[in-house]
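The values are calculated or read from the model by the stated rules, or taken from the named source; none is laboratory data. Please read these numbers as outputs of a predicted model, since none were measured by experiment. Methodologically, a virtual Cβ is constructed for each residue, glycine included, from the backbone with ideal geometry; neighbour enumeration extends over all protein chains shown.
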Amino acid sequence: MLTLLTLLPLLGALLLTVVPRERTGLMLNLAFFTTGVVAVLGVALLTGFDAGTAAFQSTVDAAWFQLPGTDIEARFALGVDGLSILMVGLTAILMPLVLLSATSHVSHRMREFLVWMLVMETGMMGVFLATDLILFYVFWEVSLVPLYFILGIWGGDRRLYATVKFFLYTVAGSLVMLVGVLALIYGAGTTDITQLITHASTLPLATQSWIFLTFALAFSIKVPVLPFHTWLADAHTEAPTSGSVLLAGVLLKMGIYGLLRFGLQMFPAASVQWSWLFMALGAIGIVYGAFLAMAQKDLKRLVACSSVSHLGFCVLGLFALTQAGVRGSILQMVNHGLSTGLLFLLVGMIYERRHTRAIDQFGGLAASMPIFAFFLVFTVLSSVGLPGLNGFVGEYLILLGSFQASPLWATIGVTGVIFGAVYLLSATRRVLFGSITNEANREVSDLSLREVGLMVPLVLLCVWIGVRPTTFTDLTSKSIDQVCENLERAQVRLAASETTTPTQTAALAPKREL
Amino acid sequence: MNRESAHALFDAVFGGGQATLATLPILMVSAGVVILMLSDVIKPSALARKAIFAATLGAGFAACAKVLSDPPGLVLGDTFIATRATAVWGFLFLTGTGLAWVFSQGYYGRADSPHKTEHDLLLLIAPVGMMMMVGARDLIVFFIGLELLSIPLYALAAFRRSQAKSVEAGLKYFLLGAFSTGFFLYGSALLYASTGTLSLTELSAAAPSVLADPLALGGVALIAASLFFKISVFPFHLWVPDVYQGSPTPVTALMATGTKAAAFGFLVPASFLLPSSAAPLIAGIALITMALGNLGALVQSDLKRMLAYSAVAHAGTLLLVLAGTLTTGGPTGDATDAVLFYMAAYVFTAGGAFGLICVLEKGGEGATSLDRLRGLAQRKPGMAAALALFMLSLGGIPATGGFLGKWFVFSVLVNAEMIGVAIAGALLSVIALGYYLRVIVVIYMQESDGVAEDDIVLSPAGSGLATALCCAGVLLLGVAPQWFLSWLG
């Protein structure tokens, strides 16, 4: 089943290349059919998931190739556990909706667009499902290529700049990570992620630390964590709506997922050692992203900057290294995918009508587009964390978890919630309410049935998570318990070694001060 | 001496039938060369000439496959070796030659075409030299291989006699190449003066104490300089852009893939000649080469010249393997495999990319400029996809052979615990992606602004097939490399 989830889109992409040029309808149907099947499989995987175990489930394992000069075997191995299940589900559900949204803004070179979308789905699924490190790395880098094309061909005016910047930023991180991957694999003599996790804890702390940092660099660029965030605003602004939704909904989450799987789970000791850095970067990112968002005049850029802020929450929660923090962080990955995805869809919809995204061009849209207004207000409320909707649960858990670890950074993080409300609500007010100042806004048509239809599933999920988050958090709890146990053990061990060799743990000093 | 002891002596030197088997690929291709040469007397039809060429390549492949299935090892008084690795090298050389030959069909203008037989003949001698170089266990044998490879390439570089650039390329390559072979001979002489032997087997037994003698060390340094010229690394890389650009493109393809491969095929097993203290120096040279190649390529607006600089950068990457083997104290299996795999991917990638340049060049002067490729994806989707794939493979993006090649090269470094060098190398290859991506930007993301619509024709049919073969090779090496790795044993 996991093989199908991963490779079916690729098969669809291959089939697409042989469809005759003029049969655009057939191409679209083929793409919808493929992603639809994958979505059904994804939901089936979610419902059939056994929440009682932390190990990988539904595993697939086949020989791939042997690394020369060694007896290490790279395998085509897939599996799903509590850390990845939600992201797999989100990806599967999001894809057909994204394709549906694309039918209105992608008008030329439809075949190529669909091919790249499907290849991207394979890449994203592969990243979340791979249980072999080489396979993971392959999918990780392969997933760059489709977005590079989608941005570069169907993007806005500065698309070439944005797409090359995006690619070079991410690939620089990936190549540094490659060195860490190689050191880990050849040191352990295996490529299996489960075995690597066991092996990694036996390494000396210094080795763990530098390998962790190479991984963390690549993932931090992808998230992006604070100093690396500049590619994101450009990429989001220039990307076509469908590209933005996928970027926000899934691709950035690959970074968080990476930090979780290859940071917290694989290198607990190094994560403890460096948690102060990531908590700080996360908390500063929350506030900094919010300030950036406040200053934006372009609606899409505003949403992009809000992404930086929201992902700061995910990083903060993760590196709080507490149960609540990690749990909230995973949930917030999904939440952010849903609400920011919705925001990008909504921005795309008014852009298609008005061909502008400048906030001051709007005003009073609520009168001419009541349905749009409803969805926008709903999404903004979900995004700022109104209790009863999804954003609240995630942010609450994260702040709770990080307060246990570090009251200082949690307090700074909390201010982000307030700032978030400030920029999102004021932007909403300026777009939707007041009197109509620009005559063009009077004639705008409201959302079509297709547009409403593609947002309804996402809206329902937002409410579901808000009202009954345990449906989803229960799926993740076993795996998180295990990760947190290892983290606690690492913390205890580090504290013990601190008393004996104070110099070795100098890096821990800032954490103690807090 | 009686008859039996004569036999025994013969067997001792020539290893029974093993010597024939070991040199079978060389013999087969050489026989083809002779037949082609003789056939010129009766002025064969173009078809007959092509048949002879193809049959020779086929016989060469079969002979290499025979060696691969049952490698004879050291033969001919320990001067030549035939292993699984040399057999796979043979495959690569023959593939590179075959690609160059296919793409040369219809490449030359009317002014150069009377010499088709000479062209094919020279092209066919080159792989003989290459196979001799990688199998050589004696410096003189290596030297003969080197000359067999170099002399045809000097002539081929100047083959478009009607074009000043081609003649310039031939002359430059010849003058500098003659210097480098001179270095090699002088170095060998010094080494012989110091040690009294030219056999690598004996030298490796005596190493590293051999290098205590400054005379021997000087000799080794000269030999290394000569080889560095052939693989085009800093500071001996300056000839590359001009020669690669001026030479006929099929010949450039062979230089980029074959010459470099043959020199590396010898260099890695012979690395014991270098003192292990040279590792930081070699690593430095490799990194500088990568930087210069990549930065040089970054500013090019012509695809052919860009690939020439990129070839320099790839040589630098491969040289990292040598630094790794020196640190671990001697060549290990995975170093040889890494070089072989990297070059295999490179033969298909660069072979295909230069092949497509051959196709482009039929458009006349300036036909290989990047501007001409604008919007190629709309006009020629197949060709655009192939070119994009080659660029991704050169840049080392996964699902291509180039990625796994890079993986294996860096794994050698990591195993030698040269983490800093590995990270520096990784970051330098990010620069490379800057220009590879630019090609994709031009062909996929820019609109063609009114340039002649269909002036790019993928012809003759052979070019299309060869391009498809290269794409298949690149993808197979990237996605399912086990078939190739199992050859390495």
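Odds and ends about this structure:
- Complete set of residues in the stretch B:404-426 that are outside any loop (DSSP other than H, G, I, E, B), buried (at least 23 other Cβ atoms within 10 Å of the Cβ), more than 7 Å from chain A (Cβ to nearest Cβ) and in contact (Cβ under 8 Å) with a residue 24 or more places away in the chain: B:LEU404, B:GLY405, B:LYS406, B:VAL409, B:VAL412, B:LEU413, B:VAL421, B:GLY425
- Verdict on A:THR207 being among the hydroxyl-bearing types (Ser, Thr, Tyr) and outside any loop (DSSP other than H, G, I, E, B): yes
- Filtering A:THR53, A:THR70 for residues that are out of contact with any Asp or Glu (no Cβ under 6 Å at 6 or more places or on another chain), within 14 Å of chain B (Cβ to nearest Cβ) and assigned to a loop (DSSP other than H, G, I, E, B) leaves a single hit, A:THR70.
- Of the residues A:ALA216, A:ALA248, the single one that is buried (at least 24 other Cβ atoms within 10 Å of the Cβ), away from chain B (no Cβ under 11 Å) and within 24 Å of A:ALA295 (Cβ to Cβ) is A:ALA248.
- Just one of the listed residues (B:ASP334, B:ASP302) is closer than 30 Å to B:ALA367 by Cβ, at pLDDT below 90, more than 17 Å from the chain's Cα centre (by Cα) and surrounded by fewer than 24 Cβ atoms within 10 Å (Cβ to Cβ), namely B:ASP302.
- Test: residue in the stretch A:143-151 that is in contact (Cβ under 8 Å) with a residue 24 or more places away in the chain and farther than 19 Å from B:ARG438 by Cβ: yes
- Flag for A:THR356 being surrounded by fewer than 23 Cβ atoms within 10 Å (Cβ to Cβ), farther than 30 Å from A:GLN482 by Cβ and hydroxyl-bearing (Ser, Thr, Tyr): yes
- Qualifying residues in the stretch B:345-371 (those that are in contact with a helix residue (DSSP H, G or I) (Cβ under 6 Å, 6 or more places away or on another chain) and among the small types (Gly, Ala, Ser)) - the one modelled with the lowest pLDDT: B:ALA367
- Among the residues of the stretch B:427-440, none qualifies, meaning not one is within 18 Å of B:ASP334 (Cβ to Cβ), within 10 Å of chain A (Cβ to nearest Cβ) and basic (Lys, Arg).
- Of the helices (runs of 4 or more DSSP H) that lie entirely inside the stretch A:214-286, those containing 2 or more residues that are acidic (Asp, Glu) span A:230-238.
- Residue check for B:SER310: among the polar types (S, T, N, Q) and either surrounded by fewer than 22 Cβ atoms within 10 Å (Cβ to Cβ) or free of Cβ contacts under 8 Å to residues at least 60 places away in the same chain (or both): no
- Residue list for the stretch A:174-196, restricted to those being small (Gly, Ala, Ser) and free of Cβ contacts under 8 Å to residues at least 40 places away in the same chain: A:GLY180, A:ALA183, A:GLY187, A:ALA188
- Top-ranked residue in the stretch B:221-248 [being β-branched (Val, Ile, Thr) and either modelled with pLDDT under 90 or under 14 Å from the mean Cα position of the chain (by Cα) (or both); ranked as surrounded by the most Cβ atoms within 10 Å (Cβ to Cβ)]: B:VAL233
- None of A:VAL40, A:VAL60, A:VAL88 is among the β-branched types (Val, Ile, Thr), part of a helix (DSSP H, G or I) and touching a strand residue (DSSP E or B) at 6+ places or on another chain (Cβ under 9 Å) except A:VAL88.
- Residue-level analysis places B:VAL321 outside the set of residues that are over 18 Å from the mean Cα position of the chain (by Cα), modelled with pLDDT of 85 or more and aliphatic (A, V, I, L, M).
- B:VAL75 vs. criteria buried (at least 20 other Cβ atoms within 10 Å of the Cβ), more than 22 Å from the chain's Cα centre (by Cα) and among the hydrophobic types (A, V, I, L, M, F, W, C): yes
- Residues (facing another protein chain (nearest Cβ under 10 Å), over 20 Å from the mean Cα position of the chain (by Cα) and not β-branched (Val, Ile, Thr)) located in the stretch A:172-191: A:LEU175, A:LEU178, A:GLY180, A:LEU182, A:ALA183, A:LEU184, A:TYR186, A:GLY187
- Checked across the stretch A:323-331, the condition of being surrounded by fewer than 23 Cβ atoms within 10 Å (Cβ to Cβ) and over 16 Å from the mean Cα position of the chain (by Cα) holds for at least one residue.
- Residue within the stretch A:58-67 that is closer than 27 Å to A:THR198 by Cα, at pLDDT below 90, more than 14 Å from chain B (Cβ to nearest Cβ) and buried (at least 17 other Cβ atoms within 10 Å of the Cβ) present: yes
- Given (1) within 17 Å of the chain's Cα centre (by Cα); (2) within 9 Å of chain B (Cβ to nearest Cβ); (3) buried (at least 23 other Cβ atoms within 10 Å of the Cβ), number of the condition A:GLU121 does not satisfy: (2)
- Subset of the stretch A:127-171 (residues that are of a type in the set (Ser, Thr, Tyr) and either in a helix (DSSP H, G or I) or at the interface with chain B (Cβ under 8 Å from one of its Cβ atoms) (or both)): A:TYR137, A:TYR148, A:TYR161, A:THR163, A:TYR169, A:THR170
- Residues within the stretch A:291-322 that are polar (S, T, N, Q), outside any helix (DSSP H, G or I) and buried (at least 24 other Cβ atoms within 10 Å of the Cβ), tallied: 0
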